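Take a look at the structure set out below.
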Amino acid sequence: LVGTAFTANLNLAAGTHAIRTTIVDLAGNASPGATFTVVVDRTAPAAPAALNITPDTGASATDGVTNTGAVSFRGTLAEAGLDVAVFDVTSGVNLGPATVTGTTFAANLALTPGAHRLRAIASDAAGNASPASFFDVLVDGAAPTGALIFPTAGTAVQTDPGYVDVRWTDIGGSALDPASFGVGDVTILCGLTPISVDAIQVMGGGVVRYHYNVDGEKLLEGLVTIRLNAGGVVDGAGNGNVASTETFTMLAAPRVTGFMVNDGSTQRSMITSFTVVFSKNVAIQAGALVLTRTQGGGTVTARLSEYNAATFTAVWTFDTNGDGRFGDSLADGTWQARLDCGLVRDAAANALRDTDAKPGDGYFDIVTFTRLLGDADGNGRLDPSDYRSFKGASFLWAQRFYAPSVFDWDDDGRVGGDELVYGWGGYRVSPSGGITFTVIQFQIRPLSFPPPMPTVTFGEMGFPGSWWWRRYLY
């Protein structure tokens, strides 16, 4: 007793105790008794049980996988009247007390994306704390993505593969759900024409192969669109992929990738062959190459004389006089070379692709070219008939114009860099070859060479395509 206060140290056993106190003064007078009930509780409550979150969007309702961080953390208690404290072990954040109702509790949380280990501890009125209970939560709000990996997006393919490969990727960490893979994941469009997906094959590493040729379908020529349908593939948190599209170009039909007149020289007085390079191996039927003289004279019979299956190269030669012998030279003039698309096909019977300025007419226009002028009959040399043709054309412009011209002096069938360019430099006397004739007067305006003139030997005469024949011979 100290003053008016008293203290008594007790060692009570567990249970309920009614403690009565009485005050007695020095005269022996006793106060009425006062009773105080004490409950001694040394037993900790049981750990919280049946932990779960809502919503749980994972494979099961209790796996703790969700696609949102706004969750309600719930559980049950073995007895009423307890408090529950929630703590995020992963981030080290105290998430505060839960709301307890009877023997259940709930705590509304705002978790960040990623993994969280939640801890719940119950405590009673006596301050006894329960063992900790733990619950693992994965917040994955990211949708999986898909990418076309074969054929590669943006490229062109020449052989129909019969399938497309898509790599699906989980972004948020909950892993892809393999049960979600199906033929409805993708839509294949050739232009506006749908190509049905018949079967899938899971290749591993997130790659799924979508077969469309089980029923014999093939991709059509042109742009192919691969549409990844929204929600077709989901992850472990229930996130569905967003819609996206990728494209590639199907060039199933063979194409012309190159050509060459003779050996590729820019000017020749004889044109005896025409070469075409294709994009793939083809079968070429007779009459595929059509050579037409635009100034009249009809077409020339061309025969496939050589085909290299390794380089996809075809060489044609000509029969210009109808004697059945090939190797003739084309006559003077402008020629159009075309291929009949239906007579050039690949192993899958795809016809040659018609991609010229007139698509749809069944012919691919390769090139229009001009044979080197001068050798009118195409025999590789100048004959008197060639000279007469040349002289007649020369008179047309002789008295009004001067323009340089090129002569094949060495008669090798082509115009070389050392051939004479007529103009200010005068002329050259050829030692051999060609037709020999005497020029009475050779006038190059504004210069004039009066007679007597020497005998001048000419080989084939040719002019670049942008120059006129303007020569004064008489």
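With each label modelled as a point 7 angstrom along the Cα→C-beta vector, the ALA357-THR193 pair spans 2.9 nm. Projecting label points 7 angstrom from Cα along Cα→Cβ for THR101 and ASP136 puts them 3.1 nm apart. The mean accessible area for residues of the stretch 255-345, using a 1.4 Å probe and ignoring ligands and nucleic acids, is 45 Å² per residue. Provide the FRET efficiency to the nearest 0.05 for the THR257-GLN295 pair, computing r from the beta carbons and using R0 = 35 Å. Efficiency computed from Cβ-Cβ geometry: 0.75. Near VAL202: Cβ cut-off under 13 Å, other residues only, Lys/Arg at +1 and Asp/Glu at -1. The net charge is -1. Per-residue extension of 0.36 nm, minus the Cα-Cα distance of LEU220 and ASN11, leaves a gain of 65.9 nm for this segment. Here the peptides 273-285, 3-15 are ranked by packing, the mean other Cβ count within 10 Å, and the order with the highest first is 273-285, 3-15. For the peptides 167-179, 197-209, residues were scored by their other Cβ atoms within 10 Å and the scores averaged per peptide; the highest-first order is 167-179, 197-209. Dividing the Cα radius of gyration of the stretch 1-68 by its Kirkwood radius returns 1.49 for Rg/Rh.
Taken along the Cα-to-beta-carbon direction at a fixed 7 Å, the label points for SER305 and THR155 span 3.9 nm.
Remark: the stretch 78-141 carries 50 Å² of accessible area per residue (probe radius 1.4 Å; ligands, DNA and RNA excluded). Evaluate the Debye formula for the stretch 199-248 with equal point scatterers sitting on the alpha carbons, no solvent, and hand back log10 of I(q)/I(0) at q = 0.13, 0.27 Å⁻¹, in q order, two decimals. For the stretch 199-248 at q = 0.13, 0.27 Å⁻¹, log10 I(q)/I(0) is -0.43, -1.19. Potential lengthening of the chain between VAL202 and VAL183 amounts to 5.7 nm, from the contour at 0.36 nm per residue minus the alpha-carbon distance.
Annotation: average projected area of the stretch 184-285 is 11.0 square nanometres, based on the convex hull of Cα atoms across all directions. Each Lys or Arg adds one and each Asp or Glu takes one away; over the other residues whose Cβ falls under 11 Å from the Cβ of ALA286, this sums to 0.
If you take the beta carbon distance between SER60 and THR245 as r and set R0 to 35 Å, what does 1/(1 + (r/R0)^6) give as a FRET efficiency, to the nearest 0.05? Given R0 = 35 Å and the Cβ-Cβ separation, E is 0.55. At an R0 of 25 angstrom, the distance between the Cβ atoms of ARG209 and ASN281 translates into a FRET efficiency of 0.40.
So, with a 1.4 angstrom probe, what is the percent of accessible area on the stretch 47-167 that is carbon and sulfur? Ligands and nucleic acids excluded, carbon and sulfur give 56 percent. What's the long-distance tail for the stretch 252-320, i.e. % of Cα pairs beyond 13 Å? Taking all Cα-Cα pairs of the stretch 252-320, the fraction more than 13 Å apart is 67 percent.
The values are calculated or read from the model by the stated rules, or taken from the named source; none is laboratory data. If you're wondering where the values come from, they're calculated on a predicted model, not measured in any experiment. Neighbour counts run over all protein chains shown; Cβ positions are idealised from the backbone, glycine included. Only protein heavy atoms, including side chains, enter the accessible area calculation; ligands, DNA and RNA are left aside. Shrake-Rupley method; radii C 1.70, N 1.55, O 1.52, S 1.80 Å.
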